[in-house]
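Peer 1: Sharing a structure here in structure tokens format.
Bear in mind these aren't lab numbers, they're just calculated from the coordinates by the rules spelled out. Please read all numbers here as calculations on a predicted model, not as lab measurements. We place every Cβ from the backbone using ideal geometry, glycine too, and count neighbours over all the protein chains shown.
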Amino acid sequence: MQSLLLAVDRLSTWFGKLCAWAVVALTLLISWEVFSRYVLNAPHAWVLDAQIMMYGLLFMAAGAYTLSKNGHVRGDVLYGFFQPRTQAAIDLTLYILFFLPGIVALTWAGWTFANESLAIREQTFNADPLPVYPFKFVVPIAGAFLLLQGLVEIIRCVMCLQTGGWPAREGDVEEVDVDKLKGMVHVTDKDIENLDRYVTQKGGQ
């Protein structure tokens, strides 16, 4: 079971990192448009719509990736003090009552809207229209990834209730941990205090 959970984590990570390349494309597109508009005096009407769609892709694709890393914002003023079993019970209740109905509705409605957009070959409204229907298919696809990752999180909650500990997750890039960083370079708090004292003394001379 643990291998299955980690496999879904890796799938969500792969999907998130794949869509993250849109950041590069978005940066290049905006830079090119700024140059084209202000240097060449040749703006393009479709660029703003393309920017919005790429940003939407990033926003939608981040859901499953962030959930796989347990990175979504949580009001954990009290949550962090609870035992793992209590945390799992709270999470499981919220997943069943709110997450599953909401994400199922998002995926179902997104699939309906995307197919309706495809049927009429929907386009943006400007002088140089772009097709909208490919972007609208991002909604059900991202919803499906998020739903799959949510089911894995529900399984994790059940396993935690049974064992009393949270199952492992797939690792990835994290914020810098100061304590780990100090350990890597073999620096102690005492060394930092001595360095601060030395810098203060030198600054006063």
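Peer 1: Quick check on the exposure proxy: order TYR95, TYR55 from fewest to most C-beta atoms within 10 angstrom.
Peer 2: TYR55, TYR95
Peer 1: With the calculation restricted to Cα positions, what are the radius of gyration and Dmax of region 2-174 in angstrom?
Peer 2: Answer for region 2-174, Rg first and Dmax second: 19.9, 65 Å.
Peer 1: Which order do MET53, MET1 fall in if you start with the one that has the fewest other Cβ atoms within 10 Å?
Peer 2: Placing the least packed residue first, the sequence is MET1, MET53.
Peer 1: If I stretch the segment between PHE125 and PHE59 completely, what's the gain in nm (0.36 nm per residue apart, minus their alpha carbon distance), one decimal? Could the numbers behind the result be given before it?
Peer 2: On the way: separation 66, 0.36 × 66 = 23.76 nm, distance 2.26 nm.
Length difference between fully extended and current span is 21.5 nm.
Peer 1: How much length would be gained if the chain were fully extended between LEU4 and ARG37, taking 0.36 nm per residue of separation minus their Cα-Cα distance, in nm to one decimal? Numbers along the way, then the final one.
Peer 2: Values: separation 33, 0.36 × 33 = 11.88 nm, distance 5.01 nm.
Net length gain for the segment: 6.9 nm.
Peer 1: Between ALA25 and ILE96, what is the FRET efficiency for a Förster distance of 41 Å, r being their Cβ-Cβ separation, to the nearest 0.05?
Peer 2: The pair ALA25/ILE96 has a calculated efficiency of 0.60.
Peer 1: Rounded to the nearest 0.05, what FRET efficiency do ILE52 and TRP14 give with R0 = 22 Å and r taken as the Cβ-Cβ distance? Could you check? Before the final figure, lay out each step's value.
Peer 2: Values: r = 25 Å, r/R0 = 1.14.
That gives a FRET efficiency of 0.30.
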